[in-house]
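This report refers to the structure that appears directly beneath it.
The values are calculated or read from the model by the stated rules, or taken from the named source; none is laboratory data. Quick caveat: nothing in here was measured; it's all calculated off a predicted structure. In this analysis, Cβ positions are derived from the backbone assuming ideal geometry, glycine residues included, and neighbour counts consider all displayed protein chains.
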Amino acid sequence: MLYDILIIGGGPAGLAAAIYGLRANKSVLVIEKQNFGGQIIESKNVVNYPGFKEISGMELGSSMYEQAKELGMEEKYGEVLEIKKEASKFIVKTKKEEFYSQTVILATGSKTKMLDLENERNLIGKGISYCATCDGAFFKDGVVAVIGGGNTAIEDCLYLANLCQKVYLIHRRDTFRAEAKKVELLKTKKNVEFYLDSVVEKLIGKDSLEEIVIQNVKNNKKTTLKVDGLFVAIGRVANTTLVENLINLASDRTVEADDSTKTNIEGLFVAGDVRQKKIRQLTTATADGTIAAMMAINFLENN
Ligand code: NAP
C-alpha cells in the first residue's frame with residue numbers, strides 16, 4: 001500500500017496532522033513508538049488549551065486519538081529506524097516492517113534532558129526519575145527533590161507536594177521560566193523548600209539514591225540533602241537521531257524548518273517540538289501539525 005501521508009509520532013502534532021489529512025480524504029498511517037497522545041499524557045492538568053478550562057493530559061490526548069481513529073487513521077506501534085526517499089516515494093522502516101508513502105510528516109517530539117552527572121544512569125529507577133506523574137507514587141510520604149525552573153519542574157513540585165512529606169526545588173537561577181501563577185501557588189505550599197541559584201553537583205548512593213550535594217552558584221556554598229527521590233525536569237531534546245543523516249539539523253538538534261514545516265527534502269515535513277522554533281506548547285504543536293498536513297495535501301495535489 002502506498003499511503004498519501006505517513007506520520008511518525010502520535011502526539012498532538014502528529015494527531016492534528018492526521019485529523020487534517022483524513023478530513024481531506026487522504027490515506028493516513030501514524031507510526032507511534034510508545035503511547036498515542038505523546039508528552040501531554042504525563043500532564044495532570046492542562047489549563048491553557050483553548051476550549052478546555054481544565055482537562056487532564058490523558059483525557060485530552062485520548063480524545064485527539066479517538067477523533068483521528070473515527071476519521072479512519074491507520075496506526076502501527078513500533079520505532080522507525082530508517083526513512084529513505086526513492087524516486088517519488090518514501091520508504092519508512094521499523095524493526096519488523098516497511099511502509100511506503102508519498103509524503104512523510106516527522107512529529108517525533110522530544111525526550112527529557114539528563115543532568116549528565118556521574119552515577120546518574122546507574123540510579124535511574126533507583127531514586128532518579130524524569131517523570132513525576134509516572135513515578136511520584138513510589139515516593140509517597142518520602143523526601144524528594146525536583147530540579148528545574150520551567151513549567152514541568154513547578155508542576156512536578158505541585159504534584160509531589162501533595163504526595164510527599166518534603167519537596168526541595170532546586171533551580172540554577174532565582175527567576176523562573178515557569179508561569180508566574182504556578183510559581184506563586186508553589187510558594188504557598190508549606191512542605192516545599194526552594195534552593196535557588198543552586199545546581200546539583202553530586203549524586204550519592206550505591207543501590208539507590210541517598211543524598212544529593214548542591215552548590216550555590218553565587219556564594220559556592222555546598223549543602224547535602226538526604227532524599228529518597230530526585231526528579232529531573234530540566235527541559236527536553238528533540239528526537240532527531242533517526243533523521244540526523246537525512247535532513248538539516250540546527251545546533252540544538254531540532255530540524256531546520258520555518259513555519260511552513262518544509263524540510264530540505266521535498267515531501268518531508270516536520271511538526272511539533274522536533275522542529276526548530278522558539279515556543280514549544282501544546283497549541284504550537286497542533287498548529288504545526290495542521291500546517292504540515294496542509295502542506296502535504298498541497299504537495300500531493302501538485303506532484
Ligand atoms: P523548559 O521550559 O526548557 O525549562 C527547563 C528548566 O531547566 C529551566 O528552568 C532551565 O534553567 C533548567 N535547566 C536546563 N538545563 C539545566 C541544567 N543542565 N541544569 C540545571 N537546570 C537546567 O522545560 P520544561 O519545563 O520541560 O518545559 C518544556 C516546554 O513545555 C515549555 O515550553 C513549557 O512551557 C511547556 N510545558 C507547558 C506545560 C503547561 O502549560 N501545562 C507543562 C509543562 C511544560 P534556565 O531557566 O536557567 O535556562
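Is it true that residue 84 is outside any strand (DSSP E or B), assigned by TED's automatic domain parsing to the domain that holds residue 270 and not hydrophobic (A, V, I, L, M, F, W, C)?
Answer is no for this residue.
What is the residue count in segment 177-230 for residues that are closer than 28 Å to residue 278 by Cβ and among the acidic types (Asp, Glu)? Even if it seems obvious, please write down each step before you answer.
As a first pass, look at segment 177-230 and keep what is closer than 28 Å to residue 278 by Cβ: 177-187, 194, 196-200, 217.
Those still in the list that are among the acidic types (Asp, Glu) too: 179, 184, 197.
Summing the residues that are closer than 28 Å to residue 278 by Cβ and among the acidic types (Asp, Glu) in segment 177-230 gives 3.
Any residue at all in segment 181-189 that is surrounded by 15 or more Cβ atoms within 10 Å (Cβ to Cβ), under 21 Å from the mean Cα position of the chain (by Cα), modelled with pLDDT under 95 and not in a strand (DSSP E or B)?
No, segment 181-189 has no match at all.
Just one of 42, 32 is within 16 Å of the ligand (Cβ to nearest atom) and charged (D, E, K, R); which is it?
So the residue among 42, 32 that is within 16 Å of the ligand (Cβ to nearest atom) and charged (D, E, K, R) is 42.
Return the residues of segment 114-129 that are in contact (Cβ under 8 Å) with a residue 24 or more places away in the chain and either of a type in the set (D, E, K, R) or assigned to a strand (DSSP E or B) (or both); say none if nothing qualifies.
First pass over segment 114-129, keeping only residues in contact (Cβ under 8 Å) with a residue 24 or more places away in the chain: 114-115, 117-120, 123, 126-129.
Correct list: 118, 120, 126, 128, 129.
Look through segment 152-164, keep the residues that are of a type outside the set (A, V, I, L, M) and in contact with a strand residue (DSSP E or B) (Cβ under 9 Å, 6 or more places away or on another chain), and return whichever of them is surrounded by the fewest Cβ atoms within 10 Å (Cβ to Cβ). Working first, answer last.
Taking segment 152-164 first, the residues of a type outside the set (A, V, I, L, M) are 152, 155-157, 159, 162, 164.
Checking the rest, the ones that are also in contact with a strand residue (DSSP E or B) (Cβ under 9 Å, 6 or more places away or on another chain) come to 152, 156-157, 164.
Numbers: 152: 25, 156: 28, 157: 28, 164: 22.
So, considering only residues that are of a type outside the set (A, V, I, L, M) and in contact with a strand residue (DSSP E or B) (Cβ under 9 Å, 6 or more places away or on another chain), the one surrounded by the fewest Cβ atoms within 10 Å (Cβ to Cβ) is 164.
What number goes with the only condition from (1) closer than 30 Å to residue 14 by Cβ; (2) loosely packed, with under 13 Cβ neighbours inside 10 Å; (3) in contact (Cβ under 8 Å) with a residue 12 or more places away in the chain; (4) within 14 Å of the ligand (Cβ to nearest atom) that residue 149 does not pass?
(2)
Quick check on my filter: what residues within segment 165-180 are outside any loop (DSSP other than H, G, I, E, B) and either surrounded by 15 or more Cβ atoms within 10 Å (Cβ to Cβ) or within 11 Å of the ligand (Cβ to nearest atom) (or both)?
Passing the criteria: 166, 167, 168, 169, 170.
In segment 50-81, which residues are closer than 30 Å to residue 182 by Cα, among the hydroxyl-bearing types (Ser, Thr, Tyr), in contact (Cβ under 8 Å) with a residue 12 or more places away in the chain and surrounded by fewer than 18 Cβ atoms within 10 Å (Cβ to Cβ)?
Taking segment 50-81 and keeping what is closer than 30 Å to residue 182 by Cα, we get 50-65.
Subset that is among the hydroxyl-bearing types (Ser, Thr, Tyr): 56, 62-63, 65.
From what's left, in contact (Cβ under 8 Å) with a residue 12 or more places away in the chain: 56, 62, 65.
Correct list: 56, 62.
Could you tell me how many of the residues in segment 37-49 are surrounded by fewer than 17 Cβ atoms within 10 Å (Cβ to Cβ) and in contact (Cβ under 8 Å) with a residue 12 or more places away in the chain?
So the count comes out to 3.
Kindly evaluate residue 106 against the criterion of being surrounded by fewer than 22 Cβ atoms within 10 Å (Cβ to Cβ) and on the phi < 0 side of the Ramachandran plot.
Working: surrounded by fewer than 22 Cβ atoms within 10 Å (Cβ to Cβ): no; on the phi < 0 side of the Ramachandran plot: yes.
When the stated conditions are applied, residue 106 does not pass them.
Would you point out the residue of segment 47-84, among those that are among the small types (Gly, Ala, Ser) and at pLDDT below 95, that is nearest to the ligand (Cβ to nearest atom)?
Per the stated criteria, the residue is 57.
When segment 250-280 is examined, which residues are found to be buried (at least 19 other Cβ atoms within 10 Å of the Cβ) and either of a type outside the set (D, E, K, R) or closer than 30 Å to residue 141 by Cα (or both)?
Of everything in segment 250-280, those that are buried (at least 19 other Cβ atoms within 10 Å of the Cβ) and either of a type outside the set (D, E, K, R) or closer than 30 Å to residue 141 by Cα (or both) turn out to be 254, 255, 257, 261, 263, 267, 268, 269, 270, 271, 272, 274.
Just give me the residues in segment 198-229 being surrounded by 15 or more Cβ atoms within 10 Å (Cβ to Cβ), within 12 Å of the ligand (Cβ to nearest atom) and within 26 Å of the chain's Cα centre (by Cα), in sequence order.
198, 199, 200
What residue, among those in segment 190-209 that are without any contact (Cβ under 8 Å) to a residue 60 or more places away in the chain and in a loop (DSSP other than H, G, I, E, B), is nearest to residue 121 (Cα to Cα)?
206
With the requirement that a residue be within 21 Å of the chain's Cα centre (by Cα) and of a type in the set (D, E, K, R), what does segment 111-147 give you?
Within segment 111-147, 111, 113, 116, 120, 121, 135 qualify.
In this structure, is residue 101 surrounded by 14 or more Cβ atoms within 10 Å (Cβ to Cβ), more than 16 Å from the ligand (Cβ to nearest atom) and under 23 Å from residue 239 (Cβ atoms)?
yes
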